[in-house]
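J.: Once you've had a glance at the structure underneath, I'll fire off some questions.
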Amino acid sequence: MTRQPSPALPPGGTGLIAGYIARWRPSSVSSEAACFARQVAAAAAPATRARANALLWAAARLAAFSVPLGLEPVPEVLLHPSVIERFAASAPGLSGSARRTLRTNLRFLARRVVPALAPADAALPRERAKAPYSPAEIDGYLALADAQATPTRRMRAAGLVCLGAGAGLTGADLRGVRGTDVARRSGGLIVDVRGARPRAVPILARYHQRLLAAAAFAGPGLVTGGTSAVRKNITTPLTRSLAGGAGLPRLEASRLRVTWLSDCARLLGLATFMHAAGITCSQRLGDLLTALEPAGEAEAVALLGAGR
């Protein structure tokens, strides 16, 4: 659909904008679609002529798409969220940016004209990332691991801390690591993860010796204990055994992973890069990564501080 230029109007206030809307009769859409557009744009009371023109065209295109499908050109029908979404997804001849702009304008119209169909978005709480453990807290947990009553518990507890804070493993990935999955390779120490997302993870250098000892003790068995990686709550007794240290918060596998993520981000200079690039949204980083390939194992060892 070819957009017709809007007639030039002298500067003015609300009355001139309302007059412009009332006179708006483009030849590129049907009179029925134009009538619907004038009705809802007038009800929305846009503050400027440019805004009025944008709303008129959005509403007219919606009506031009919907009326041939048998929908009645009234606000309660055409400005329903499901109709707006169908139009944004299925209307022919529109670019991606045009679809997004039209949907935004139509949602604005719906909020103004039929608010009962498009209530304001409720403010929902956003879960923030947990704080990483400090180096002193990690040292405290490793000291508690060394203080366990038996060699088995000492090795399993140390393995839990090292795999969490040294490789960022949680859940099934953590429970499934066997001693034979930990090996010196590519100039560093690597753990082969064999879960739902198989990968080789370099271990941060400060955890090498303790994890090597825990892996050697486990041998072909599971580093954190148990007989099956699919069993739940294997690590619960271990985390409970590392609780109670003076001044130490509760040990959580998710916070150990955040600690690893924070350490790796610091090594990569991620904060500096994002500040220089003006990036605050992680989705943009995800979009960038779709066109990039991860480095090889040796490069990952060097980048992620896992070198011997």
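J.: Full-extension gain between residue 261 and residue 101, please, as 0.36 nm times their residue separation minus the C-alpha to C-alpha distance. Could the numbers behind the result be given before it?
T.: Working: separation 160, 0.36 × 160 = 57.60 nm, distance 3.64 nm.
Taking residue 261 through residue 101 to full extension adds about 54.0 nm, to one decimal.
J.: For labels at residue 50 and residue 209 in the simple 7 Å Cα→Cβ model, what's the distance in nm?
T.: Going from the residue 50 label point to the residue 209 one covers 6.6 nm.
J.: May I ask for the angle, rounded to the nearest 10°, between helix 96-113 and the longest principal axis of the chain, with both axes built from Cα atoms and the value confined to 0 to 90°?
T.: So the helix axis and the longest Cα principal axis differ by about 70 degrees.
J.: For residue 69 and residue 288 in the same chain, what is the full-extension length gain: residue separation times 0.36 nm, less their Cα-Cα distance, in nm?
T.: This chain segment gains 74.9 nm when fully extended.
J.: A follow-up question, please. Angle check, please: helix 81-90 long axis (alpha carbons) against the longest principal axis of the chain (alpha carbons), in degrees 0 to 90, nearest 10.
T.: The two axes meet at around 90 degrees.
J.: I need the calculated FRET efficiency for the pair residue 149 and residue 199, taking r as the beta carbon distance and R₀ as 45 Å, to the nearest 0.05. Walk me through the intermediate numbers first.
T.: Numbers: r = 35 Å, r/R0 = 0.77.
Between residue 149 and residue 199 the formula returns 0.85.
J.: Once R0 is set to 35 Å, what does the formula 1/(1 + (r/R0)^6) return for the Cβ-Cβ distance between residue 192 and residue 111, expressed as a FRET efficiency to the nearest 0.05?
T.: Details: r = 52 Å, r/R0 = 1.50.
The pair residue 192/residue 111 has a calculated efficiency of 0.10.
J.: Cα axis of helix 135-146 to longest principal axis of the chain: angle in degrees, 0 to 90, nearest 10?
T.: Taking the Cα atoms of the chain, the angle to 135-146 is about 40 degrees.
J.: With an 8 Å cut-off on Cα pairs and a minimum separation of 6 or more residues, tell me the relative contact order of the chain in percent. List each step's numbers first, then the result.
T.: Numbers: 394 pairs, mean separation 45.9, N = 308.
Computed over the chain, the figure is 15 percent.
J.: For the chain, with a Gaussian network of springs between Cα atoms less than 10 Å apart, report the residue from 76, 252, 137 with the top mean-square fluctuation.
T.: Its mean-square fluctuation being the largest, the pick is 76.
J.: Nearest 500 deg cm²/dmol is fine: what mean residue ellipticity at 222 nm does the chain get from its DSSP H runs of n ≥ 4 alone, each adding -39,500 (n - 2.57), divided by its residue count? All intermediate terms of the calculation are to be shown ahead of the outcome.
T.: Values: 15 runs with 164 residues, N = 308.
Theoretical 222 nm ellipticity from helices: -16000 deg cm²/dmol.
J.: What is the percent of Cα-Cα separations in region 14-113 that go past 15 Å?
T.: 55 percent
J.: Right, next: Count the net charge of all other residues whose Cβ sits under 13 Å from the Cβ of residue 113, scoring Lys and Arg as +1 and Asp and Glu as -1.
T.: Details: positive: 38, 107, 111, 112; negative: 76.
Value of the local net charge: +3.
J.: Calculate the spin-label point distance for residue 254 paired with residue 281, positioning each point 7 Å from the Cα along the beta-carbon direction, and give it in nanometres.
T.: 2.5 nm
J.: Determine by what factor the alpha-carbon radius of gyration of the chain differs from 2.2 N^0.38 Å, reporting the quotient. Show your work: numbers first, answer last.
T.: Numbers: Rg = 30.1 Å, N = 308, 2.2 N^0.38 = 19.4 Å.
Here the answer is 1.55, to two decimals.
J.: Hey, another quick one. Within region 94-111, name every residue whose backbone N is under 18 Å away from a label modeled 7 Å from Cα of residue 82 along the Cβ vector.
T.: 107, 110
J.: Rounded to the nearest angstrom and ordered from largest down, what semi-axes does the equivalent ellipsoid of region 135-303 get from its C-alpha gyration tensor (root of 5λ)?
T.: Details: eigenvalues 162, 72, 43 Å².
Sorted largest first and rounded, they come to 28, 19, 15 Å.
Rule-based calculations on the coordinates, nothing more; no lab input. Since we're looking at a predicted model, the values are computed, not measured. FYI the Cβ positions are ideal-geometry reconstructions off the backbone, even for glycines, and counts take in every protein chain you see.
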